[in-house]
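Inspection log for the structure reproduced underneath, given as structure tokens.
The values are calculated or read from the model by the stated rules, or taken from the named source; none is laboratory data. Note that the coordinates shown come from a computational prediction; the quantities given were computed from them, not determined experimentally. For neighbour counting, all protein chains shown are included, and Cβ atoms are generated from backbone atoms with ideal geometry for every residue, glycine included. To get the accessible areas, we keep the full protein, side chains included, count just its heavy atoms, and leave off ligands, DNA and RNA. Shrake-Rupley method; radii C 1.70, N 1.55, O 1.52, S 1.80 Å.
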Amino acid sequence: MLNLNHNRITKVLTATFLTAMSAQPFAATLSDATISVTVQNAFDLVEDTELSFGTIRATADPAGTNVATLAIAADGSVTATPDNNATITQLTAGSVGQFTVSNAATFTDLTITFPGAATTLDNAIAPPTSPDFTVDTWVAIVRGGANDGVAYNAGAPNLQTDNTGTVSFDVGATLSTDANVTTSAYIDDVYDGDYTITVDY
């Protein structure tokens, strides 16, 4: 009997010991796991078509009192407004400026910033006393994305990219004759100038 009890006690103790061992936790620690993030705030902006007022006949008011204008809307429609001694008549059509944004964040509204001051168009070989043109009153229309065909709203920017981070827009503006005193006429040649346009998040 003593042997039997001893065996039973041994079996019970052995079972208890094995159960306790199987409940022991096992762990591994890695102290150099890596975290990374890539920043891409930049995106691409290209000019597809330059803004052109076409070929015009123009006279400036020598006194600089009256100013004629030629407005190209963002949809390409044109309005010419003479003013007494100042006139503009379009002879051949121009074109809206066309721009494309790519590699931007998807489904994101972007902001367009146009020049704050009027842009001057001049001619390098014209006499110093001849008039120049100015361009201002910028407008745009969205091409592509969720707001395709909608006028750009500077107060609540709605230039929204599509699912590839791309969106385009067309730009129009108003051309005006010189508001300064001039003593000679416009010459028959190209008048041009540069302007800065910025698109950002």
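Of note:
- Pairing each residue of segment 154-183 that is under 29 Å from T79 (Cβ atoms) and modelled with pLDDT of 95 or more with any residue that is among the hydroxyl-bearing types (S, T, Y) and open to solvent by 60 Å² or more (accessible area, probe 1.4 Å), provided the two are 6+ apart or on different chains, yields C-beta distances under 8 Å for A173/T137; T174/T137.
- As a summary of the residue check, A60 satisfies the conditions (1) over 25 Å from T166 (Cβ atoms); (2) out of contact with any Lys or Arg (no Cβ under 6 Å at 6 or more places or on another chain); (3) surrounded by fewer than 18 Cβ atoms within 10 Å (Cβ to Cβ) except for the one numbered (3).
Yes/no matrix, rows are residues, columns are (1) at pLDDT below 95; (2) surrounded by fewer than 12 Cβ atoms within 10 Å (Cβ to Cβ); (3) over 19 Å from W138 (Cα atoms); (4) under 18 Å from the mean Cα position of the chain (by Cα):
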residue: N41; (1), (2), (3), (4): yes, yes, yes, yes
residue: T49; (1), (2), (3), (4): no, no, no, yes
residue: N66; (1), (2), (3), (4): no, no, yes, no
residue: A74; (1), (2), (3), (4): no, no, no, yes
residue: T79; (1), (2), (3), (4): no, yes, no, no
residue: A86; (1), (2), (3), (4): no, no, yes, no
residue: T92; (1), (2), (3), (4): no, yes, yes, no
residue: G97; (1), (2), (3), (4): no, no, no, yes
residue: T106; (1), (2), (3), (4): no, no, yes, yes
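- Restricting segment 76-108 to residues that are assigned to a loop (DSSP other than H, G, I, E, B) and in contact with a strand residue (DSSP E or B) (Cβ under 6 Å, 6 or more places away or on another chain), the residue that is farthest from P157 (Cα to Cα) is G94.
- In segment 164-179, of all residues being farther than 15 Å from N123 by Cβ and over 12 Å from the mean Cα position of the chain (by Cα), the one that is surrounded by the most Cβ atoms within 10 Å (Cβ to Cβ) corresponds to A173.
- Unique match (being over 29 Å from I88 (Cα atoms), surrounded by fewer than 18 Cβ atoms within 10 Å (Cβ to Cβ) and either β-branched (V, I, T) or in contact with a Lys or Arg (Cβ under 8 Å, 6 or more places away or on another chain) (or both)) among T183, T161, T198, T137: T198
- All positions within segment 109-129 that are surrounded by 15 or more Cβ atoms within 10 Å (Cβ to Cβ), in contact with a strand residue (DSSP E or B) (Cβ under 9 Å, 6 or more places away or on another chain) and assigned to a loop (DSSP other than H, G, I, E, B): F114, P115, A118, N123
- Residue within segment 54-62 that is of a type in the set (D, E, K, R), in contact with a Leu (Cβ under 8 Å, 6 or more places away or on another chain) and assigned to a loop (DSSP other than H, G, I, E, B) present: no
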